[in-house]
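All remarks here apply to the structure that follows.
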Amino acid sequence: MDRKRIEARLNLARHFFQHSIRRLFSHEDVNGPGFDEFLSKYREDNIFQIDARERERYRTFARCVQCNICQPYCVMFRAIGYEEFPGPMVVASTLSRALAELGTTGGVLYNCTQCRLCETTCPENAPIAEIVGFMRKYIYKYNQDLVPKPLLEMCSLVQKQGSIFDETPSEVGREKTTAEYVLFLGCHGRSGQQQRARAVISMLDRMAVDFTTIDEVCCGAPLRAAGSDVGHELARINIERIREKNTAKVITLCPHCLVEFHERSEYAGKLEAIHIAELLPELPSVRGSREIVAYHDPCMLGRVCGVFDRPRQALTLAGARLVEMDTIREMAFCCGNWGGLGLSARNTAEAIAVRRMEDAQSVGAEVLLTECPWCLEIFRSANPPGGKPRISSVVEYLIGLEE
Ligand code: SF4
Ligand code: SF4
């Protein structure tokens with residue numbers, strides 16, 4: 001081989017390595033002019049651009065080894081079957097690796113409640129709910145026809161008026177100039193479940209907690225679940241209004257707000273957030289329950305944030321006879337209402353909620369308690385069979401014992 005040829009090959013090899021290494025470690029998008037035109041030409045073939053951070057995460061999507069352990073645990077797979085929802089294994093092993101087919105297969109992704117139970121069982125730590133979220137995001141961006149209409153309507157409502165509810169928020173809050181904690185009521189606390197919000201305020205008063213409410217907007221979690229990527233603007237507004245109170249400490253009523261504060265990059269590291277359930281045992285001298293009660297672990301509060309014992313402890317301290325359902329703590333079945341399912345497939349969501357209430361009935365519970373507004377909403381609307389068990393939040397139950 002002559003010298004010129006050797007030099008040419010060495011040059012080629014150098015460029016190849018330089019380029020690969022730069023792409024591997026670069027967090028910047030290095031797309032040249034013409035890239036958008038390239039994408040638009042191939043849009044019909046569902047070829048789209050993934051941002052740099054997601055390219056990193058995308059590697060973890062390939063962890064699934066198709067062991068099939070997760071499938072039987074999935075509430076949706078059990079409830080509606082393969083045709084309508086092929087289950088977490090197929091999401092992780094097939095759909096995540098066939099992005100170009102999202103335009104034809106993606107619709108089934110809206111039947112996942114994003115409860116993360118499958119992740120608890122996965123020996124490979126495949127981030128299944130994140131995969132669902134990732135694909136919903138790109139469907140929302142490029143294939144909006146596949147997004148269920150009720151989810152699109154909810155997203156535009158939140159963008160328009162800062163809440164998932166189309167009604168004027170009540171005057172349930174109590175705003176001060178500054179305080180140690182901001183009480184973040186969430187959309188349900190401001191509009192649909194004011195009674196629970198009032199019980200929380202009464203509880204904090206009895207505990208002499210220095211708190212204020214703010215003129216808040218939706219935390220962004222329902223938008224993220226639907227695939228919309230506009231929650232960053234809502235986060236900016238909330239952070240600004242929390243900071244105006246000279247604090248970073250937040251108490252949330254909704255576990256989904258809490259997870260959003262932990263996971264969304266705009267909030268992460270800026271707030272010290274806890275959920276109201278973590279304070280429950282501090283409520284002074286609540287006694288007098290004689291009932292048999294079961295506690296339903298909300299997926300985000302339990303599985304994701306690890307809050308299992310505090311609500312149970314508060315109920316036992318109040319004298320209640322706590323019985324446990326078959327699936328509890330990390331392995332608890334979900335209520336069926338998250339992931340947009342309560343909006344896009346209400347009947348299925350309610351059927352799942354009824355199963356959970358039957359679980360409580362089967363262990364003899366007179367009252368089924370929980371501490372998430374989404375669980376409470378679907379349990380109440382799904383009408384427990386035979387009117388039993390009675391449904392309540394733990395806070396309302398404990399405050400009710402005092403009255
Ligand atoms: S997150 Fe829940 S509903 Fe979705 S695949 Fe996993 S177990 Fe099934
Ligand atoms: S996602 Fe995890 S548990 Fe499910 S099949 Fe793949 S490796 Fe197994």
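Annotations
- For region 255-403, the per residue solvent-accessible surface stands at 38 Å², with DNA, RNA and ligands left out and a 1.4 Å probe.
- Checking the Cα-Cα distances for 137/249; 176/249; 176/270; 41/141 against a 25 Å cut-off, the pairs over it are 137/249.
- Over all orientations, the chain has a Cα convex hull whose mean projected area works out to 24.1 square nanometres.
- Sequence-separation-based contact order of region 283-402, relative, with Cα cut under 8 Å and 6+ spacing, percent: 31 percent
- When nucleic acids and ligands are ignored and a 1.4 Å probe is applied, residue 374 ends up with an accessible area of around 40 Å².
- Residue 401 paired with residue 313, simple spin-label distance in nm, labels 7 Å along Cα-to-beta-carbon: 1.5 nm
- Computed per residue of the chain from DSSP H runs no shorter than four, each worth -39500 (n - 2.57), the mean residue ellipticity at 222 nm is -12500 deg cm²/dmol.
- DSSP-assigned coil residues among chymotrypsin sites (Phe, Trp or Tyr not before Pro) in region 61-91, each with at most 16 further Cβ atoms within 10 Å: 82
- Relative contact order of the chain, taken over Cα pairs closer than 8 Å and 6 or more residues apart, is 14 percent.
- Taking every alpha-carbon pair under 8 Å whose residues sit at least 6 apart, region 231-315 reaches a relative contact order of 28 percent.
- Among 348, 177, the order of accessible area from largest down is 177, 348, computed with a 1.4 Å probe on protein heavy atoms.
- Computed over the alpha-carbon atoms, region 181-279 gives an Rg to Rh ratio of 0.95, Rh here being the Kirkwood radius from the mean inverse distance.
- Across the alpha-carbon atoms of region 283-403, the computed radius of gyration and Dmax are 13.7, 43 angstrom.
- If R0 is taken as 30 Å, the Cβ-Cβ distance between residue 329 and residue 67 corresponds to a FRET efficiency of 0.85.
- Derived scalar couplings between HN and Hα for region 357-362 equal 5, 5, 4, 5, 4, 5 Hz in order, rounded to whole Hz, by the Karplus curve 6.51 cos²θ - 1.76 cosθ + 1.60 (θ = phi - 60°), x for Gly and Pro.
- Among beta bridges that DSSP assigns inside the chain, antiparallel share in %, nearest 5: 0 percent
- Note on residue 58: accessible area approximately 70 square angstrom, rounded to 10, probe 1.4 Å, nucleic acids and ligands left out.
- Carbon/sulfur fraction of accessible area - region 181-279, other protein chains in place, 1.4 Å, %: 45 percent
- For residue 250, the residues 5 or more places off, or on other chains, whose built amide H falls under 5 Å of its own are 182, 272, 273, 274.
- Compared with the dominant Cα axis of the chain, that is its longest principal axis, helix 3-25 is turned about 10°.
The values are calculated or read from the model by the stated rules, or taken from the named source; none is laboratory data. The structure displayed is predicted, hence computed values, not measured ones. Every residue, glycine among them, receives a Cβ derived from its backbone with ideal geometry; neighbour counts consider all protein chains shown. Only protein heavy atoms, including side chains, enter the accessible area calculation; ligands, DNA and RNA are left aside. Shrake-Rupley method; radii C 1.70, N 1.55, O 1.52, S 1.80 Å.
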